[in-house]
Each structure stands twice: as C-alpha cells, then as structure tokens.
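The values are calculated or read from the model by the stated rules, or taken from the named source; none is laboratory data. Bear in mind that the values here come from a model prediction, so they are computed numbers and not experimental data. Neighbour counts run over all protein chains shown; Cβ positions are idealised from the backbone, glycine included.
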C-alpha cells in the first residue's frame, strides 16, 4: 500500500522542466535586482527622463548616452521578468494538482511583480532618481526594497514547493510556527531595508576617505541619511545572533529534511556578508562591491526562506525519521 501511494504521489509531482524553470526565474529576478542597483549607484535612474514605460518618449533609442542605456536595459529586463512570472503562474496551474501550495506562491509572485512595476513607474514619475534628495526618496526606497524582498520570498517559495515530493498540498501539511524562524525572517528584512538606505546615503553623499566617512556618520551637521548609516551594521550584528541561534536549532532538530547542509550554507553566506560589509566601509562602497554585497544578501534571503518553509510547513504524509 505504501509503495502504491508513493507511486501515485510521484505521478502527481510537477515536471522536472517546471521545477527547473522556477529556479531559473529566481536566478533571473536576482540578476534584474542587481542591475537595478547599478541604476541607483550610477545615477542612471533619470536616463529615460520622466517618461514611463517609454524611454525619452520613444521605443527605440538613437545615440543614447550611457545612463539612458543602463536605465533602458533595466526597463526591458524588468518587463521580461513580469511576463516570466505570468508564465510561471500559468505553467504552475497547468502542471500541478488542485490544492498545490505552489499555486498560491506563484500567484503572490505575479502580484508582487506587478506592485514592483508600479513602484518603479512612480519612482520615475515622482523624480526620485539620480541625485534627487527629496524627503520622499528614502521611505519610498524602503517600501520598494520591502516589496522586492517579498517578491523574492514568494518566488523562492514557488520553486521550493514545486520541488517538494511531500507536503506540497494544503491538506498534507501541518503549520508549525517556531518563533525564532519568523523573527529571523522579519529581522533580516529590516536589515535589508536599512542596508538600502545606507547605500542611498553612500550614493548621494560619497565620502572621500574612511576617516571623513566615520566623522560624517556622527556629525550633527550631516544629513540624516549619512547619520543613519551606522544603524545598518548595528542591526545586522544583532540579527546575526538571532540567525545563528536559529541555525543551531534547525541543524539539531529531527525533521522531515536534514537541514544541516542548508544551515551550513546560510552560515557561510552570513560570514561572507560580514566580510563584504567591512570591505564596503573600508573601500568606500565601490560599485562592484555594492553589487556583490547585494548578491550575497539576496542568496542569503532565498536560503533563509527555504529553511523557514521547511520548519513551518511540515509534511504530514510521511513519518519523521
């Protein structure tokens, strides 16, 4: 009976092509996000003027400068990401059985992608690009990054749930709510938001030396974005304590999955983020280092989402070892 049930379950699993497509879309979305960092750091956000979705009022760009090409490329890749998310949603509904949790995650991915497009359009229309120091820019950027991380979380969940062989139906899971896992996700989200504000401060008020940067961080005459920069490493330090505590517990507990390798990966990514963060401060946030730091943060976030899903959405259709 158990063998027959297993065979039936395997027949109901999504195709390998769909699972690979979901993970590939996640990689592509991260690449688009990294290109968005290039847009912000180079001040190319105004490269298309205040036109959206057209660039400088036209579809094709003739004799475009570097900023225009950077921004125009970002718009094209962002448009592709939206259609990719819609394609993933359609394929997920076509390739999974009713009640598959990946359907809800894929629908959320499309929703957050649509919100991302709207926020990007408003960013241009409100003039919150390039060297704009509008009071609206910082809170708007925080909102934008929050939605970006939620989008990555939904997409990661879609790929993870499509890859599950057990516990992929709403009727075959039990919801467990370990406080540490939920707190870790929220705290890492806050770290990401504070990091985006620190990066904005580096872009608008670049330092000429490490000594002057440290003085500006605690100077009463500096803008609040500059004085805000110290909060990012401080919050990141306390967040790492919570995260390490979670990883130790996740690696020790008996569960359906062996979380030791995933926990080790997250710990390695966390250590890499500390190294990149220190280099970012010492080297005065060069562009390549900002991109590398964000890449590490995105991969760390995706890995943490998978670990949290394993801890909170536990299958009931198999016995624990």
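The set of residues in region 127-140 that are over 13 Å from residue 203 (Cα atoms) and assigned to a helix (DSSP H, G or I) comprises 139, 140. The set of residues in region 60-89 that are touching a helix residue (DSSP H, G or I) at 6+ places or on another chain (Cβ under 9 Å) and under 30 Å from residue 309 (Cα atoms) comprises 77, 78, 79, 80, 81, 82, 84, 85, 86, 87, 88, 89.
Taking the condition at pLDDT 90 or above and farther than 25 Å from residue 115 by Cα, does residue 90 pass? No; evaluated as a whole, the condition is false for this residue.
The helices (runs of 4 or more DSSP H) located wholly in region 189-301 include none with 2 or more residues which are more than 24 Å from the chain's Cα centre (by Cα) and at positive phi. Can residue 136 be described as surrounded by fewer than 17 Cβ atoms within 10 Å (Cβ to Cβ), touching a residue at least 12 places away in the same chain (Cβ under 8 Å) and more than 21 Å from residue 70 (Cβ to Cβ)? The answer is no for residue 136. Of the residues making up region 96-116, those that are farther than 21 Å from residue 15 by Cα and surrounded by fewer than 17 Cβ atoms within 10 Å (Cβ to Cβ) are 111, 114, 115.
Taking the criterion of being touching a helix residue (DSSP H, G or I) at 6+ places or on another chain (Cβ under 7 Å) and within 16 Å of residue 106 (Cα to Cα), the residues of region 20-34 that qualify are 21, 22, 23, 25, 26, 28, 29.
The residues listed here are 3, 31; of these, the one that is surrounded by fewer than 19 Cβ atoms within 10 Å (Cβ to Cβ), assigned to a helix (DSSP H, G or I) and either at pLDDT below 75 or assigned by TED's automatic domain parsing to the domain that holds residue 289 (or both) is 3. If you go through region 161-188 and keep only what is assigned to a helix (DSSP H, G or I) and more than 14 Å from residue 308 (Cα to Cα), you end up with 162, 163, 170, 171, 172. Of everything listed in (1) buried (at least 18 other Cβ atoms within 10 Å of the Cβ); (2) at pLDDT 90 or above, the single unmet condition for residue 82 is (1).
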